[in-house]
Amino acid sequence: MVKPFSIAIHGGAGAFQRKQMKKEIELSIKKDLESSVLAGHSILKKSGDALDAAVEAVRILEDSPNFNAGRGSVFNNKEIIEMDASVMHGKKMTAGAIAGVRHIKNPIMLARDVMKKSKHVLLVGEGAEEFAFEHNHQYIKQDYFYTTIQYNRLIYMKKRDLFELSDPEYLNNKYGTVGAVALDQQGNLASATSTGGITNKRYGRVSDSALIGSGTVAENGNVAVSTTGIGEIFIRKMVASDVAARMRYLEEDIITASESVIQGDLKSIGGEGGLIAIDAYGNICFSMNTSGMYRASIDINGNLIIKIYSDD
Ligand code: ASP
């Protein structure tokens, strides 16, 4: 008998407004979300591993300029793109992460290599890239990641000395961090998260997306979580591990635990954003305190959903 499996992905949370969203952008984003979730799901269907499914789903979003991860990443205050990513596999709670890489096409694949091929969990900057080139990742020029829209966004933010997740001028141009969580037929939970960070961030700044416990968590028998939002606050709140702890110690269900964190403690300290989560039975939860989060899932019955706004 086929055991339950499911997958959920996100492409970032933010203050999206229906009337400002251009139809063609919306369609293109939905198309990417669909390709991503289908690719991950097809791995799970063939009895593949949850982490491989999550990484493949994220890789597809990294390759699209529609998201703030891989190609299309945002610029820091020195006009450089620096990317962060992390993965976790729930079986033995193994994890890998990288921060501040500049020349790696798919940061999420490098994070998985850190998990599988190094003795460490988190590598940063030049050290992470040296490790990457030793493990067959190609050197990619910064030009590949560059998009005019992100460059213009940096100039706009710099002029106003802004460092925010979303601002009125760009509501219709929200480009988000990406992530995926999956349950495979072997009962493994896994999570993967990747980002370019926040426009006009200080050079050297590290996001929650690189940090196990804040942006990414997976524990077999419990839950896998990937987050998106203002990293500084997600780090302080240790959002992903807080959801996992609530489920483990308080025996809360996935929705109660996620909503308690996102709508409660996190919001009360100014944390805007959301998360995706899957529990050990394959139940999926999307939780956000923003007006939208690009998201998609295929549940244990094979139902596909793709959504943008919180009230979709
Ligand atoms: N969490 C990311 C960061 O702080 C941003 C996002 O999720 O959009 O870099």
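The values are calculated or read from the model by the stated rules, or taken from the named source; none is laboratory data. Since this is a predicted model, take the numbers as computed values, not measurements. Heads up, the Cβs are rebuilt from the backbone with ideal geometry, glycines too, and the neighbour counts pull from every protein chain shown.
Descriptive notes on the structure:
- Residue satisfying all of: in region 190-210; of a type outside the set (S, T, N, Q), surrounded by 24 or more Cβ atoms within 10 Å (Cβ to Cβ) and more than 8 Å from the ligand (Cβ to nearest atom); farthest from the chain's Cα centre (by Cα) among these: A190
- Subset of region 237-246 that is in contact (Cβ under 8 Å) with a residue 12 or more places away in the chain and under 16 Å from T216 (Cβ atoms) - its residue that is nearest to the ligand (Cβ to nearest atom): V239
- Some residue of region 301-311 being of a type in the set (K, R), closer than 27 Å to D184 by Cβ, touching a strand residue (DSSP E or B) at 6+ places or on another chain (Cβ under 7 Å) and without any contact (Cβ under 8 Å) to a residue 24 or more places away in the chain: yes
- Against the test of being within 14 Å of the ligand (Cβ to nearest atom) and in contact with a Cys (Cβ under 8 Å, 6 or more places away or on another chain), the options I233, I276 yield a single qualifying residue, I276.
- Test: residue in region 130-145 that is crowded, with 24+ Cβ neighbours inside 10 Å and either in a loop (DSSP other than H, G, I, E, B) or among the charged types (D, E, K, R) (or both): no
- Meets criteria (within 14 Å of the ligand (Cβ to nearest atom), closer than 21 Å to D84 by Cα and at pLDDT below 95) for Y170: no
- Any hit, region 223-230, residues being farther than 17 Å from I262 by Cα, within 15 Å of the ligand (Cβ to nearest atom) and at pLDDT below 95: no
- Residue in region 252-278 that is farthest from the chain's Cα centre (by Cα), counting only those that are touching a residue at least 60 places away in the same chain (Cβ under 8 Å) and closer than 18 Å to P4 by Cβ: I278
- Within region 1-22, residues that are more than 15 Å from A280 (Cα to Cα) and within 16 Å of the ligand (Cβ to nearest atom) have Cβ atoms under 6 Å from residues that are charged (D, E, K, R) and in a strand (DSSP E or B) in these pairs: H10/R295, counting only partners at least 6 apart in sequence or on another chain.
- Residue satisfying all of: in region 255-273; at pLDDT below 95 and crowded, with 21+ Cβ neighbours inside 10 Å; nearest to the ligand (Cβ to nearest atom) among these: G273
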